[in-house]
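Okay, structure first, notes after.
Each reported figure results from applying straightforward, stated rules to the coordinates on display, with no laboratory input. The model shown is predicted, which means the values in this text are computed figures rather than measured ones. All Cβ positions, even for glycine, are placed from backbone atoms using ideal geometry, and neighbour counts span all protein chains on display.
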Amino acid sequence: MKNVFKIEILKTLGYPIFWAILLLHTFFYILVVILGANIDINIQGVHIFRLFSSTYMWGTMAWIASWFNLLLAIMIIVLTSNELLYNTFRRQLLDGLNRNQLVLGKLMLVACLSIYVILIVTISGIIVGSTNSDPWDGQYLHGYRFVLVLSVQSLAYMSLAMLFGLIFRNTALSIVMYLLYFIIIEPFVRLFFSSNIDSFFPMKIISNLTPMPDFMGMLASDLSNIQAVDSNTLSQLQSVPEGISTTIAVPVCIVYTLLFLFSSSFLLKSRDL
């Protein structure tokens with residue numbers, strides 16, 4: 001296993017596209033966090049900087065980071081399809097690895113990238129949080145579970161990306177089909193199912209792991225301090241329907257991730273590399 005990991009890391013570090021996408025991911029995430037934490041924008045009566053207070057910070061950080069999971073997925077597609085195009089997988093088989101180890105190597109890479117996501121969100125959260133509140137107060141780690149859930153989400157996105165790369169084998173086609181499935185195909189298919197079933201489709205349940213911050217709930221909290229506001233108005237603001245609970249969504253996403261990995265392994269075993 002250690003040898004498989006070493007080979008995968010050496011291969012990956014040699015790809016310029018890996019560094020290009022990783023730098024883009026880091027740059028744009030940090031840029032959005034800096035702008036959000038320092039620019040006062042009013043959305044639905046809620047000031048953006050409040051989202052970076054200790055109460056909401058980790059959920060906000062995870063939500064922002066989830067925007068850029070797509071970049072990591074594209075990276076995995078490029079790396080996987082390039083290894084098919086340039087016969088890297090075939091060379092590894094000739095060098096003594098088996099097909100299960102090829103999938104294991106990519107899984108280790110995906111796991112490392114998920115850890116990278118946790119680290120960059122945690123470090124940026126500590127920096128932003130230390131400027132807005134006492135880092136040792138009781139609320140500082142409130143909501144940190146969103147960061148851990150984010151890592152599950154990134155694993156699922158990248159595992160599906162690897163599967164698309166193996167199915168279509170061509171980099172451009174794989175990226176186009178991945179985006180079409182995410183934006184058009186699955187949403188269209190979901191139209192024919194009830195909301196109870198619709199919520200469990202892969203892309204929907206994976207993307208919903210990191211929900212948008214509760215702007216309406218924050219607005220209701222602010223308005224509750226104003227005696228002149230009608231109680232019915234407050235109750236309507238606070239009654240926004242929630243999706244599937246995290247305790248259900250996370251295990252389902254893990255099952256989907258295992259299914260994607262199993263399918264990738266099956267493709268590698270059944271196809272001629």
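Brief remarks on what is shown
- On full extension, the segment bounded by Asp272 and Val176 gains 32.2 nm, given 0.36 nm per residue less the C-alpha separation.
- Computed extension gain for Asn98 through Ser195, at 0.36 nm per residue and net of the alpha carbon distance, reaches 30.7 nm.
- In order through region 200-210: 3J(HN,Hα) via Karplus (6.51 cos²θ - 1.76 cosθ + 1.60), integer Hz, x for Gly, Pro: 9, 5, x, 5, 5, 6, 5, 5, 7, 5, 10
- Which listed pairs, of Lys6/Lys204; Lys6/Lys269; Lys2/Lys106; Lys2/Lys204, have C-alpha distances above 24 Å, in listed order: Lys6/Lys204; Lys2/Lys204
- Model label sites at Glu186 and Leu10, defined 7 Å from Cα along the beta-carbon direction, differ in position by 3.6 nm.
- Note on Leu119/Ile17: beta-carbon distance plugged into 1/(1 + (r/R0)^6) with R0 of 25 Å gives a FRET efficiency of 0.70.
- Whole-Hz couplings from phi, Karplus 6.51/-1.76/1.60, listed for region 166-178; x for Gly and Pro: 6, 5, 9, 6, 9, 4, 4, 5, 5, 5, 4, 5, 4
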